[in-house]
Amino acid sequence: MPPPVVELEHVTKTYGEVAALAGAGIVVRRGEMLAIVGPSGSGKSTMLNIMGTLDRPSRGTVRIDGHAIDVLTDRQLSALRARTIGFVFQAFHLAAGVPALGAVADGLLYSGLPRGERRRLAEDALRRVGLGERLYNEPHQLSGGEKQRVAIARAVLGDPALLLADEPTGALDSRSGEVVMDLLRELHRAGTTVVVITHDRDIAASLPREVRIKDGRIEHDSAVDGHNSHVVERVSS
Ligand SMILES: Nc1ncnc2c1ncn2[C@@H]1O[C@H](COP(=O)(O)OP(=O)(O)O)[C@@H](O)[C@H]1O
Ligand SMILES: [Mg+2]
């Protein structure tokens with residue numbers, strides 16, 4: 001069985017009185033692709049942000065790529081994140097006036113690589129998402145789906161082991177949403193571990209694993225309770 005990329009054990013996250021996560025546990029193994037679904041406010045983004053080390057839990061254990069994050073300093077955590085994780089959000093966060101190539105290359109600004117190399121890698125990433133003909137287009141010259149593909153190109157630039165996407169199709173029409181989902185499936189086939197939050201039940205059902213979350217708890221995980229329970233590793237007592 002492939003090694004875990006993400007392990008959450010009894011993870012709780014509270015904001016004042018609100019428990020955004022109330023004891024969530026999940027293991028994501030290298031090479032998996034899964035959907036996280038649940039009603040608005042159920043804790044999906046909180047869980048994704050904790051998986052992505054953008055946030056630390058109030059209680060519980062988080063291991064990313066085998067590293068327990070509670071013993072890492074913020075600086076070590078940033079380094080682990082930069083090396084291991086790519087993010088895609090619902091909003092594209094593309095600055096006006098910056099062509100696609102520059103927007104993606106800027107993702108490597110702190111990599112220490114020379115400008116020419118940054119642009120070469122950015123071009124490769126844009127070709128990978130099917131935007132080889134749009135390198136010099138600015139945001140206003142790109143459709144919503146194309147902007148999201150630029151964001152994905154930036155997320156996969158360093159070839160991260162883990163790609164986390166929070167409602168990546170939420171702002172797109174259904175056709176562009178399909179293109180973006182096909183692209184995520186393609187990255188998964190090429191070996192990237194992909195976790196996608198979605199509101200769309202059809203998208204969720206189409207992925208190899210579906211995790212349903214409600215009130216900060218995981219109420220269903222197809223890898224544990226579902227049809228493919230044979231893949232689940234049982235802890236011997
Ligand atoms: N930074 C925050 N400060 C206060 N409350 C928050 C914060 N982030 C999330 N919450 C609350 O935690 C709960 C879960 O939020 P979230 O994880 O964003 O849910 P989802 O992504 O499923 O819609 C909600 O009640 C939300 O209002
Ligand atoms: Mg959310």
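Just to be sure I understand, how many residues within the stretch 185-200 are under 26 Å from Gly43 (Cβ atoms), outside any helix (DSSP H, G or I) and open to solvent by 20 Å² or more (accessible area, probe 1.4 Å)?
Number satisfying all stated conditions: 2.
Of the conditions (1) of a type outside the set (Ser, Thr, Tyr); (2) within 16 Å of ligand 2 (Cβ to nearest atom); (3) without any contact (Cβ under 8 Å) to a residue 40 or more places away in the chain, Val37 fails just one. Which one is it?
The failed condition is (3).
State whether one or more residues within the stretch 25-46 are aliphatic (A, V, I, L, M), surrounded by fewer than 17 Cβ atoms within 10 Å (Cβ to Cβ), under 30 Å from Ser143 (Cβ atoms) and out of contact with any Pro (no Cβ under 9 Å at 6 or more places or on another chain).
Within the stretch 25-46 (the criterion being aliphatic (A, V, I, L, M), surrounded by fewer than 17 Cβ atoms within 10 Å (Cβ to Cβ), under 30 Å from Ser143 (Cβ atoms) and out of contact with any Pro (no Cβ under 9 Å at 6 or more places or on another chain)), the answer is no, since none of the residues qualifies.
Considering only residues that are within 16 Å of ligand 2 (Cβ to nearest atom) and small (Gly, Ala, Ser), which ones fall in the stretch 115-169?
Matches in the stretch 115-169: Ala165 only.
Collect the residues in the stretch 169-184 that are part of a helix (DSSP H, G or I) and either at pLDDT 95 or above or touching a helix residue (DSSP H, G or I) at 6+ places or on another chain (Cβ under 8 Å) (or both), keeping them in residue-number order. Before the answer, list the steps.
The first filter runs over the stretch 169-184 and keeps only residues part of a helix (DSSP H, G or I), leaving 174-184.
Across the stretch 169-184, the qualifying residues are Arg175, Ser176, Gly177, Val179, Val180, Met181, Leu183, Leu184.
Determine whether Val194 is under 27 Å from Glu210 (Cβ atoms), away from ligand 2 (no atom under 16 Å from the Cβ), of a type outside the set (Asp, Glu) and touching a His at 6+ places or on another chain (Cβ under 6 Å).
Taking the combined requirement at face value, the residue satisfies it.
Condition first: of a type in the set (Ser, Thr, Tyr), away from ligand 1 (no atom under 16 Å from the Cβ) and either under 30 Å from His140 (Cα atoms) or in a strand (DSSP E or B) (or both). Can you find one or more residues in the stretch 56-68 that meet it?
Taking every residue of the stretch 56-68 in turn, at least one turns out to be of a type in the set (Ser, Thr, Tyr), away from ligand 1 (no atom under 16 Å from the Cβ) and either under 30 Å from His140 (Cα atoms) or in a strand (DSSP E or B) (or both).
Only one residue in Gly86, Gly60 is more than 16 Å from ligand 2 (Cβ to nearest atom), open to solvent by less than 70 Å² (accessible area, probe 1.4 Å) and on the phi > 0 side of the Ramachandran plot. Which one?
Result of the check over Gly86, Gly60: Gly60.
The values are calculated or read from the model by the stated rules, or taken from the named source; none is laboratory data. Remember, predicted model here, so these are calculated numbers, not experimental data. Cβ sites come from the backbone with ideal geometry, for glycine too, and all protein chains shown count toward neighbours. Protein only, heavy atoms only, side chains kept; ligands, DNA and RNA dropped before computing areas. Shrake-Rupley method; radii C 1.70, N 1.55, O 1.52, S 1.80 Å.
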